[in-house]
Amino acid sequence: MIKLKEAFTLALGSINSAKMRSALTTLGIIIGVAAVVANVSLGASFNQYFTDELGDIGDNFIVIFSEEMNVFDNNQLEIIKKTPGVDGVSPIKQRVAEVSFMSVSRQVNIQGTTQDYKDVASITLESGNYFTDKSSYVAVIGDQVANERFERPIGNRNSIEVSFRRTDGTTITQKFKVIGVIQSPDSEFIQSGAEPDNRIFIPISAMNELLGETDYGGFSARTATAEEVRPVSEQIDRNLARSLGVPARDIDNDDAKPYSIFNQADIIEQLNTVSNALTVLITSVALIALIVGSIGIMNIMLVTVTERTKEIGLMKSLGFTYTDLLGLFIIEAIVIGLIGGIFGTILGLLGSYALELYLGLPHIFPLYLIFAGFFISVFIGLVSGIYPANKAAKMDPVDALRQN
């Protein structure tokens with residue numbers, strides 16, 4: 001029986017004798033494996049990117065908001081504060097107002113909050129301080145508001161005029177003193193609809209006073225640990241639903257509630273689902289290249305069998321058995337696939353690294369992708385080589401030697 005080492009030597013000799021044809025055959029495997037490896041790596045990188053980005057805008061956050069007026073007040077604020085697992089909470093309220101500075105006016109999003117919002121939303125100040133619950137007409141502004149929205153930069157101790165339009169159609173204008181500028185966050189995600197760069201934050205008590213209102217638009221809360229986010233969010237949901245008179249049978253029906261609630265775990269899950277779906281879709285397309293590559297291997301092996309008919313007859317006359325020839329041609333197909341897998345995995349690694357570098361993604365390359373690339377290529381070589389190998393092994397030695 002032919003030894004494995006000898007089979008590999010013969011296989012490499014056969015491949016080396018037809019370098020161009022072998023190279024073109026392995027090209028399909030190289031492209032297919034590279035595409036699969038790169039796409040899976042990119043999918044893992046996107047998942048890590050989403051997790052990192054969400055961590056930058058606040059850890060373990062829970063956001064509750066309503067598009068209706070007069071839904072939330074201090075009663076709901078106390079309910080959330082008393083919910084076990086809540087590590088901090090701030091009411092929030094949003095309005096678009098006309099902001100004037102140095103005779104230049106712009107429409108800017110105004111966010112009313114309390115002093116707790118700084119910690120709840122992981123706000124980092126570039127300069128100055130955040131306001132307290134005792135503050136009145138003071139403002140903390142985002143980096144873009146401070147440096148880009150107006151013709152001149154706005155700094156600490158500068159004053160801005162904010163004009164709100166009330167629900168009765170009247171307009172009220174109030175001067176606010178800037179006491180802090182928010183550092184531009186690395187994250188591009190938006191938490192609770194509030195992108196700090198483009199916002200002006202003021203005390204929610206002052207905002208309600210100017211608007212002649214007492215309600216809140218929603219709440220931003222956080223838990224102490226990531227494990228508590230989902231159960232605490234569900235408990236807050238149940239408590240708020242009961243306090244707002246939602247029937248017990250409709251507590252799990254989101255459409256029956258006058259508010260919406262989401263948390264960090266939900267967003268990560270949804271983003272990962274989308275990322276995984278895209279990875280599967282693109283990888284499925286990449287598998288077409290592997291199918292083409294497997295057909296190429298089968299084709300070259302059939303051609304090899306035809307070209308080596310006399311050689312096969314001679315080998316049989318020298319005592320090579322059916323098993324010897326079957327193994328020899330299968331190993332040759334596997335070697336072709338393995339060569340394609342090695343180069344494909346390297347190309348996929350380099351391609352994913354280049355794309356992740358260009359897109360600013362973390363480079364995630366799970367080690368199992370190396371083994372997956374080799375396994376796929378060996379499997380394709382095995383499957384593609386079975387038929388040609390079987391055809392070669394079944395040849396009649398006398399007929400093979402008579403072949404011209």
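If you scan the range 110-121, which residues turn out to be surrounded by 18 or more Cβ atoms within 10 Å (Cβ to Cβ) and either acidic (Asp, Glu) or part of a strand (DSSP E or B) (or both)? Those that are surrounded by 18 or more Cβ atoms within 10 Å (Cβ to Cβ) and either acidic (Asp, Glu) or part of a strand (DSSP E or B) (or both): ILE110, GLN111, GLY112, THR113, ASP116. Starting from the range 255-269, keep only residues that are outside the structural domain of ASN47 (by TED's automatic domain parsing), then list their pairs with residues that are outside any helix (DSSP H, G or I) and of a type in the set (Asp, Glu) whose Cβ atoms are within a distance under 7 Å, requiring at least 6 positions of separation or different chains. Filtered contacts from the range 255-269: PRO258/GLU68. Of the numbered criteria (1) over 17 Å from PRO203 (Cα atoms); (2) in a strand (DSSP E or B); (3) not hydroxyl-bearing (Ser, Thr, Tyr), the one ASN70 fails is (2). Looking at the structure I just gave you, is ALA221 assigned to a helix (DSSP H, G or I) and touching a residue at least 40 places away in the same chain (Cβ under 8 Å)? Criteria not met by ALA221.
Against the condition part of a strand (DSSP E or B), in contact (Cβ under 8 Å) with a residue 40 or more places away in the chain and surrounded by 17 or more Cβ atoms within 10 Å (Cβ to Cβ), how does ILE80 come out, does it pass?
Working: part of a strand (DSSP E or B): no; in contact (Cβ under 8 Å) with a residue 40 or more places away in the chain: yes; surrounded by 17 or more Cβ atoms within 10 Å (Cβ to Cβ): yes.
No, not satisfied.
From the set of residues in the range 1-50 that are of a type in the set (Gly, Ala, Ser) and under 15 Å from ILE376 (Cα atoms), which is modelled with the lowest pLDDT? I'd like the intermediate steps shown before the answer.
To start, the set of residues in the range 1-50 that are of a type in the set (Gly, Ala, Ser) comprises 7, 11, 13-14, 17-18, 22-23, 28, 32, 34-35, 38, 41, 43-45.
With the extra rule that they be under 15 Å from ILE376 (Cα atoms), the set shrinks to 28, 32, 34-35, 38.
Working: GLY28: 74, GLY32: 79, ALA34: 83, ALA35: 80, ALA38: 83.
Only one residue tops the list, namely GLY28.
In the condition set (1) at pLDDT below 90; (2) surrounded by 15 or more Cβ atoms within 10 Å (Cβ to Cβ); (3) not hydroxyl-bearing (Ser, Thr, Tyr), ASN158 is compliant with all but (1). Looking at the range 304-323, is at least one residue modelled with pLDDT of 75 or more, part of a helix (DSSP H, G or I) and under 17 Å from ILE29 (Cβ atoms)? No, that holds for no residue. Taking only the range 242-282 into account, find how many residues are touching a Phe, Trp or Tyr at 6+ places or on another chain (Cβ under 9 Å), hydrophobic (A, V, I, L, M, F, W, C) and assigned to a loop (DSSP other than H, G, I, E, B). Selection size over the range 242-282: 1. For the range 111-137, the set of residues classified as of a type outside the set (Gly, Ala, Ser) and touching a helix residue (DSSP H, G or I) at 6+ places or on another chain (Cβ under 7 Å) consists of THR113, THR114, ILE123, GLU126, TYR130, TYR137, listed by residue number.
The values are calculated or read from the model by the stated rules, or taken from the named source; none is laboratory data. Since this is a predicted model, take the numbers as computed values, not measurements. Heads up, the Cβs are rebuilt from the backbone with ideal geometry, glycines too, and the neighbour counts pull from every protein chain shown.
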